[in-house]
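For reference, the structure is listed below as structure tokens.
The values are calculated or read from the model by the stated rules, or taken from the named source; none is laboratory data. Bear in mind that the values here come from a model prediction, so they are computed numbers and not experimental data. Please note: Cβ atoms are built from the backbone with ideal geometry, for glycine as well, and neighbour counts cover all protein chains shown. Heavy atoms of the whole protein, side chains included, go into the accessibility calculation; ligands, DNA and RNA do not. Shrake-Rupley method; radii C 1.70, N 1.55, O 1.52, S 1.80 Å.
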Amino acid sequence: QVQPVETGGGLVQAGGSLRLSCAASGRTFRSYAMGWFRQAPGKEREFVAAMRWSGAITYYAESVKGRFTISRDNAKNTIYLQMNSVKPEDTAVYYCAIDPTDRGTAELDFGSWGQGTQVTVSS
């Protein structure tokens, strides 16, 4: 059973930065994409960013392009989300998930969700 665990959330002022981490423990797949999603209060969960196993292919939501950067360390089974120039609308619970198909393009392919970490951006 693969279990991702997110860390790094917290309170940050608008314009500031925050770095989230997600470590996948347990029996991991040979190669898999990992991604970040978020859910704000009263809203649907939405895709934020994803990266394939090789690290060569990444995907970003339009709302975070140019501000957020996803990266990974396969030796540590860990991905990161560097969040810069954050905005109040980035406030949400951020979830990490694993896509064993290594496509990273379809939310339905993502399973093994973490418990989430709260990010709150104050204005």
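Worth pointing out:
- K87 versus Q3: modelled label distance in nm, points set 7 Å from Cα along the beta carbon direction: 3.6
- Extended-chain gain in nm, criterion 0.36 nm per residue less alpha-carbon gap, I57 and A106: 16.2 nm
- For the chain, carbon and sulfur atoms together expose 48% of the accessible surface, with a 1.4 angstrom probe and every protein chain in place.
- Counted residue by residue at 0.36 nm each, then reduced by the alpha carbon distance between them, the extension gain from S123 to N74 reaches 14.1 nm.
- Remark: C-alpha extents of the chain on the principal axes read 42, 26, 25 Å, sorted largest to smallest.
- Annotation: for a label point projected 7 angstrom from Cα along Cα→Cβ of K43, residues of region 87-123 with backbone N closer than 14 Å are 87-95, 119-122.
- Given 10 as the ceiling on other Cβ atoms within 10 Å, longest exposed-site-free region of the chain for GluC sites (Glu not before Pro) in DSSP loops: 63-123
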